[in-house]
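The structure under discussion appears below in the form of structure tokens.
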Amino acid sequence: MSLSREDFLNATPDNPPTMPEGVFGPPAERRPDWPDNPDLRAAVDWFKSFMAREDWHARRVAVFVLLHRRAYGMRDSDEKGRFFDARDMFAWYLFQAEAFLDHMWNYEPMYGSRVVPVLTAIGRNRALLEKLDGVEERLQRLVGSERSQPNGTLFELLTAAAYCRQGAKVSFRPEERGVARSWDLDVELEGRQYAVECKRMETSDYGDRERTRMRELWGPAAHLLAEQEISTFCNVDFKVPTSEIPSEYFIGKIVEWLSTRRPSLLWKDDISEGVVGEMDLGPLQRVLQTDDVLSAGTKLHELLTGRYIRHANYNQVIHFQPGISPRFIGECDLAILLRWQNSSSFSIRAKARDVMRKLAEAHDQLPADRESIVHIGFEALEGDEVEKARYEKILASTGRFDAKGKPLRFVYCHYFVPESPPDEAWAFDETVQWRRITGSNQRPLAEPFLVLPEGGRVLSGVHWDN
């Protein structure tokens, strides 16, 4: 079912290679360690029903080609080297869900952990959602005109399902071209009429800039180590913003370490504290005797460093022979790994984005003559210290928010915490923070979790304390 590097040299999403039979599954025999997921399949089938069969096949092949070109180290005009085409994010999402179900060899676990739980929750609530007025129009936009920005519609579906489970009557408000935007959902619950607006925040631009800068800083050091074929692990915690780190900082540490001829070098200065040293490939190579390992995943990082850390930042250079596909390691003789974090107060504050801008946008779309609720969702991927800071920001900013006479009753903030542990396909946590803005009635959504299934074990408090 694999294709060679030569097959992808001149391939593009518009001019793909011939697909081998079975490359998109399903498996001939479903093993106990790869069970079906009826809830996820319900969502996948529902979304596909809004696309022509030929349309989905073409979009799926385009995703496959780009994913494997990246696995072979082929770069296109996309300077960020993404695994996916940002113009069709929805196809990337649906590909991840379908791969999880039927062609696991194409599944990308780090991104899949962000997608599969959300789509599973939608599939679990499909029977409730497909009855709602306006939902078909929403899904047609999701698979079509809004394919580049699916998160907003998916968040609306999750929110609508939560109110349905509470016993509310819910309908999606139709989009009116050329008319000022209104709220997303009309909700009738226990005799009250609510206008509900849903806002989905993306990850911080500062975090993206920080990761880009770290690649620039680490690049020359990694190149030097690769030239000398030294498997290396470097672990660093920066105390200053990345913009204040000298360009020669890493290369200076590596040269100092190599000149000592010692197994490792520890340091602590005004910029960072860290350690760099020789890395033992033994644990990885022992596993490779019987199993392939994904070339960019948490299992690889755990084998190389001896530890799994949720949402850790890594930069890696790996020299390996492919296994079952170019995305998997069959043999490895060189690995250079940087694990880094920035615990400076500036970095934490910059990544801990507040919700005030989204709340203000939502407030502008709400009516003046109906009780209203705002839901804001975001992924908590920047680390626990960032989320602690964000939580305090939200408490402060929502506490002083002026509704300007509008009956905005509550704001719910949904922290989505996906992860890809080494020993699981995915894990998902969720924290919900709510705040009363006006009024005195009880909050209408008593069970506010959007992704976690009902009846599961729920801990009090926030995810970073649990």
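For this structure, a couple of remarks:
- Residue selected from the stretch 351-391 under the condition among the charged types (D, E, K, R) and not in a helix (DSSP H, G or I), by the criterion surrounded by the most Cβ atoms within 10 Å (Cβ to Cβ): Glu382
- Residues (touching a helix residue (DSSP H, G or I) at 6+ places or on another chain (Cβ under 6 Å), within 15 Å of Ser325 (Cβ to Cβ) and modelled with pLDDT of 85 or more) located in the stretch 3-31: Pro17, Gly25
- The set of residues in the stretch 287-301 being touching a helix residue (DSSP H, G or I) at 6+ places or on another chain (Cβ under 8 Å) and among the aliphatic types (A, V, I, L, M) consists of Val287, Val293, Leu294, Ala296, Leu300.
- Counting the residues of the stretch 195-225 that are touching a Leu at 6+ places or on another chain (Cβ under 9 Å), surrounded by fewer than 16 Cβ atoms within 10 Å (Cβ to Cβ) and of a type outside the set (Val, Ile, Thr) gives 0.
- Which numbered condition Leu294 fails, given (1) surrounded by 18 or more Cβ atoms within 10 Å (Cβ to Cβ); (2) farther than 26 Å from Gly323 by Cα: (2)
- Filtering Glu210, Glu278, Glu244 for residues that are closer than 30 Å to Phe155 by Cα, in contact (Cβ under 8 Å) with a residue 24 or more places away in the chain and out of contact with any strand residue (DSSP E or B) (no Cβ under 6 Å at 6 or more places or on another chain) leaves a single hit, Glu210.
- The residues of the stretch 102-119 that are of a type in the set (A, V, I, L, M) and surrounded by 21 or more Cβ atoms within 10 Å (Cβ to Cβ), listed by number, are Val115, Val116, Val118, Leu119.
- The selection criterion, being farther than 24 Å from Leu158 by Cβ and not in a loop (DSSP other than H, G, I, E, B), holds for Ile348.
- Filter result for the condition that a residue is out of contact with any Cys (no Cβ under 9 Å at 6 or more places or on another chain) and at positive phi, over Arg200, Arg261, Arg213, Arg192: Arg261
- The residues on offer are Val255, Val240, and the sole one that is of a type in the set (A, V, I, L, M), outside any helix (DSSP H, G or I) and in the same structural domain as Cys332 (by TED's automatic domain parsing) is Val240.
Residue-wise test of (1) among the polar types (S, T, N, Q); (2) surrounded by fewer than 18 Cβ atoms within 10 Å (Cβ to Cβ).
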site	(1), (2)
Asp7	no, yes
Ala11	no, no
Thr18	yes, yes
Pro27	no, yes
Trp34	no, yes
Leu40	no, no
Phe47	no, no
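- Failed item in (1) surrounded by 17 or more Cβ atoms within 10 Å (Cβ to Cβ); (2) modelled with pLDDT of 95 or more; (3) more than 23 Å from Gly207 (Cβ to Cβ), with Asp333 passing the rest: (1)
The values are calculated or read from the model by the stated rules, or taken from the named source; none is laboratory data. From a predicted model like this one, the values you see are computed outputs, not experimental measurements. Note that we place each Cβ from the backbone using ideal geometry, even for glycine, and neighbour counts take in every protein chain shown.
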